[in-house]
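Have a look at the structure below, then the notes.
The values are calculated or read from the model by the stated rules, or taken from the named source; none is laboratory data. These numbers come from a predicted model, not from an experiment. Note: accessible area is taken over every heavy atom of the protein model, side chains too, but ligands, DNA and RNA are not part of it. Shrake-Rupley method; radii C 1.70, N 1.55, O 1.52, S 1.80 Å.
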Amino acid sequence: MKMALAVVLLMSLLFSISVASADEIMYIVGYPDTFLRRDPSTENPYLARMPYGSAVSVIDEGRTWSLICYNGQYGYCMREFLNEDDPYYLMEPRPESAEQAFGTNLLRRGNKTPNIFVMNLQICLVQGGYLECNPGVDGYFGKDTKVALAEFQKEHDLEASGVAGDITKAVLWDEYADLLMQIGYKR
């Protein structure tokens, strides 16, 4: 009995590994957000909000709905909102100044759509170890980004407001310009 159970567990492990390796990575291209659904219907509440450009694993690609995995959650997404190409990968040119990287407006908590300037801020905060990688660079300035920014400001003897103005942006640029010129975003 124990041997049979061990064989069943081993077979299920091997099957799950083969299924996982067969998954296709695709990207969310519904703007500004697409929703991970519990079932292939828009009638029921959604499980998660998936920002534009998020990577997902496609488990089963259907004609209208696809079964996907996003941040460890399984659910459904409309096929029209999935694309094989990363929408941010080939964005050129990369920023060459603090204004191009972070914009001219204050960056603060509360934006409701993904923002490239916030993404650049988050790239810096993740690189510096202030912001966790999950969700990391999603373009939304939420509580985690505010706390991480305040920590960065405190360590750099700036007012720890959690709001990025011109001085904070200049310090971020001085420290992370090389990184942003390689992987940052510019409109």
Taking only the alpha-carbon positions of the stretch 98-156 as identical scatterers, the Debye log10 I(q)/I(0) at q = 0.23 Å⁻¹ comes out as -0.89
Taking N as the number of residues in the stretch 66-174, what is its Cα Rg relative to 2.2 N^0.38 Å?
1.19
20 Å Cα cut-off, lysine pairs counted over the stretch 73-187 (separation 8 or more, or different chains)
9
Starting from 0 in steps of 10 Å, tell me what percent of the Cα-Cα pairs of the stretch 33-130 lands in each bin.
14, 37, 29, 18, 2
With every protein chain kept in the model, how would you rank ASP166, ASP144 by accessible area, 1.4 Å probe, largest at the top?
ASP166, ASP144
What is the extension gain from ASP39 to ASP86, computed as 0.36 nm multiplied by their sequence separation minus the C-alpha to C-alpha distance, in nm to one decimal?
14.4 nm
